[in-house]
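Reviewing the structure listed below.
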Amino acid sequence: MIKNNYSELFQRLRFLLLTLLVYRLGVHIPVPGVNVDSIAALFNSKQSAGFIGLLNVFSGGAAAKFSVMAIGVMPYISASIVMQLASVAFPTLEALKKEGEWGKKRLAFYSRWLTLALAIVQSAGIVITLSNQSNVLYDTSMLFLFSCIISLVAGTFFLVWLGEGITIHGIGNGLSVLIFSGIVSGLPGAVTNFFSLISSGHYGSGIIGILKSLFLIFIILASVVTVVFFEKAFRKVPVLYARKSNDHKQIALERQRPNYLPLKVNVAGAMPPIFASSLIILPATVFQWFSSGATDSTVSMVLRWFTPGQPAYFILYAVAIVFFSFFYVAIQYNPKDTAENIKKSGAVIPGYRPGIQTIAFIESVILRLTFLSAIYMLSVCLLPEFLVLFYNLPFYFGGTSLLIVVLVSFDLISSIQHHIFSSKYDSLVKKVALAK
């Protein structure tokens, strides 16, 4: 009986697990003609340096193995950023959003072509960079480098295809689940490495070492609690519903028990830090083309700006997070629609007339919530950067990685609960139908 009631949920979970199994197997398939040991040594030496470590985290360790899935879905995410920015600048693209299913398909078509271009650029940047390293590639001919680029681009589109399959036939947002699984797969190794550093006295010996280790553990736990708190936080806006009744006492009772319009504190979710990371990864990859090992060139100097620990990096990262926090909320949330829905339901916000006053009030609330969310994002994302810089703490314990793990976990739990409630509802409808 349970299997019959939840057969669709079981099928979706089975599809999700099998897809993740295929993804994790693909992570261990290296690009042909690559010295895997040299690649691993290179990434170990630069694990915390710049976009290399971040790309390895998002790809689930595929970059450190120079797998066919090394660049992951970052080109697709970057393409999504560009398309959203372009939809604001170009009215034609904005109009496509309102064309229903056909408009969505056209935007997806443009996004895929842009993904192809960005994947080629990013793959070429990584391959050319590795070709300048000794004992990494067995062959440095143009034909071989071209085959490496094709392999990486194919791996990206295979992941995009897997992600779309999870979205349709599995549970949750497919691409988010893939990134989530890649981050979670690195957590055991990160935890082991962290406690190895503690036991080896990396953070100091004696009482000072113990206190410093406890402080880092406290920071990690506090980051997790902060993320969970803010992702569950809502701003309750009181809403009064008027009822046509001759009983004045009943009307007064309704006014004493108002309903609430919940406005999420962090409307943008993990999108701002993901967009900011993509914004830094892409130009850093392009500049790798032209560095050629030089130390005094302008390109090398610009490339160093994107390295964690440099003031320019922190400023760029912080500005990008704040910008995308406000930008994403502006394109995803429309206060006018919310005000219209309140008006259509026969409700009012106490102290504000329907129409312009209600819209202005909701806009002011959203603006304050977005500002608070941006401060929260900066705290969560920049603190781990300093911990990586000064204490060699892995990326997995904070920042974008932590946000993705928490948010995707909430999304998966919500999706599973939705399917369970749907199954119960369908079962109840069938019982009622049979009883009649």
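The values are calculated or read from the model by the stated rules, or taken from the named source; none is laboratory data. In this text, all values refer to a predicted model and were calculated from it rather than measured experimentally. FYI the Cβ positions are ideal-geometry reconstructions off the backbone, even for glycines, and counts take in every protein chain you see. Side chains included, ligands, DNA and RNA excluded: accessible areas come from the protein's heavy atoms. Shrake-Rupley method; radii C 1.70, N 1.55, O 1.52, S 1.80 Å.
Descriptive notes on the structure:
- Model label zone, residue 139; criterion: amide N under 15 Å from point 7 Å along Cα-to-beta-carbon; scope the range 18-40: 31-35
- Heavy atoms of residue 423: accessible area, 1.4 Å probe, square angstrom to 10: 20 Å²
- Remark: spin-label model distance residue 29-residue 112 equals 2.0 nm, labels positioned 7 Å along the Cα→Cβ axis.
- Amide hydrogen proximity for residue 235: with H placed 1.01 Å from N in the peptide plane, the residues at 5 or more positions away or on another chain lying under 5 Å are 263, 264, 265.
- FRET efficiency for the residue 147 to residue 195 pair, using the beta carbon distance and R₀ = 56 Å, is estimated at 0.85.
- Ordered from highest to lowest accessible area with the whole protein assembly present and a 1.4 Å probe, 313, 352 read as 352, 313.
- Ranking 260, 317 from most to least accessible surface, computed with a 1.4 Å probe over the protein chains only, gives 260, 317.
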